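Structure first, commentary second.
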Amino acid sequence: MEVEIVHSRQDGIGVTIDCPKVDKTVERLKTHIEQFDSRIKGNCNGEICFVDIKDIYYFDTVDNRTFLYTENQCVEVAFRLYELEEMLTEKDFIRISKSQIVNIQRMKSLMPQMNRTLLITMNNEERLCISRRYVKSMKDKLGL
C-alpha cells in the first residue's frame with residue numbers, strides 16, 4: 001500500500017482512495033478515515049463529556065437508559081439504541097442483541113457456544129454474548 005500526502009490550497013482536508021476495486025478492505029479503510037475525529041456526547045457524573053468513537057467498546061441499554069463503555073469508563077448517552085445503530089452502521093459497530101451494539105475493532109476473540117450463539121471477548125477481557133438472531137450479520141460483517 002502506498003500512502004501519499006498532497007498539499008493543496010483548499011480549506012479543510014480531503015482524502016482520495018485510489019484502488020483497482022472497492023472491496024471490504026477499502027470499505028474498512030474508508031470507515032476508519034471517516035470516524036477519525038468523531039465523538040459522541042454523554043453524561044459523566046453530571047458533566048457533559050465527549051468520547052471518541054474509536055475508544056468505545058460497546059453500547060448497552062438498561063432500564064430504558066443507554067450507556068457506552070470504554071476501557072475504563074461508563075457514560076450515559078441520550079440516544080436510543082436504534083438511533084446509534086443508524087448513526088454507526090457504516091462504521092465498525094454492529095448490533096449483537098436487543099440491548100447491545102459492539103465495536104468490532106475492540107473485539108479480541110469470538111467463540112462459538114453450544115446454543116448457536118457466539119461469545120465475544122473484548123480487548124479489556126469483558127465478555128459479551130451475540131444472540132442467535134444477530135450471529136449471521138456478525139459473520140457477514142467479519143467476512144466469516
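The values are calculated or read from the model by the stated rules, or taken from the named source; none is laboratory data. Fair warning: this is a prediction, and the values are worked out from it, not measured in the lab. Using ideal geometry, Cβ is built from the backbone for each residue, glycine included, and neighbour counts are taken over all protein chains shown.
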Segment 88-101 - residue that is at pLDDT 85 or above and loosely packed, with under 15 Cβ neighbours inside 10 Å and, of those, farthest from residue 117 (Cα to Cα) = 99
Which of the residues spanning segment 102-118 are among the charged types (D, E, K, R) and either surrounded by 18 or more Cβ atoms within 10 Å (Cβ to Cβ) or more than 23 Å from residue 27 (Cα to Cα) (or both)?
-> 106, 116
Taking the condition under 15 Å from residue 139 (Cα atoms), free of Cβ contacts under 8 Å to residues at least 24 places away in the same chain and surrounded by fewer than 19 Cβ atoms within 10 Å (Cβ to Cβ), does residue 121 pass?
-> no
Give segment 57-68 a look and list any residue that's touching a residue at least 24 places away in the same chain (Cβ under 8 Å) and either in a strand (DSSP E or B) or among the hydrophobic types (A, V, I, L, M, F, W, C) (or both), or say none.
-> 58, 59, 60, 61, 62, 68
Of the residues that make up segment 75-87, is at least one of a type in the set (Phe, Trp, Tyr), part of a loop (DSSP other than H, G, I, E, B) and either touching a Ser or Thr at 6+ places or on another chain (Cβ under 9 Å) or modelled with pLDDT under 80 (or both)?
-> yes
Selection count, segment 65-74, where residues are of a type in the set (S, T, N, Q) and either over 20 Å from residue 130 (Cα atoms) or modelled with pLDDT under 90 (or both) = 2
Top-ranked residue of segment 22-56 - restricted to ones that are acidic (Asp, Glu) and assigned to a helix (DSSP H, G or I), ranked as modelled with the highest pLDDT = 55
Residue 52 fails exactly one of the following numbered conditions: (1) buried (at least 18 other Cβ atoms within 10 Å of the Cβ); (2) closer than 29 Å to residue 26 by Cβ; (3) out of contact with any Asp or Glu (no Cβ under 6 Å at 6 or more places or on another chain); (4) not basic (Lys, Arg). What is the number of that condition?
-> (1)
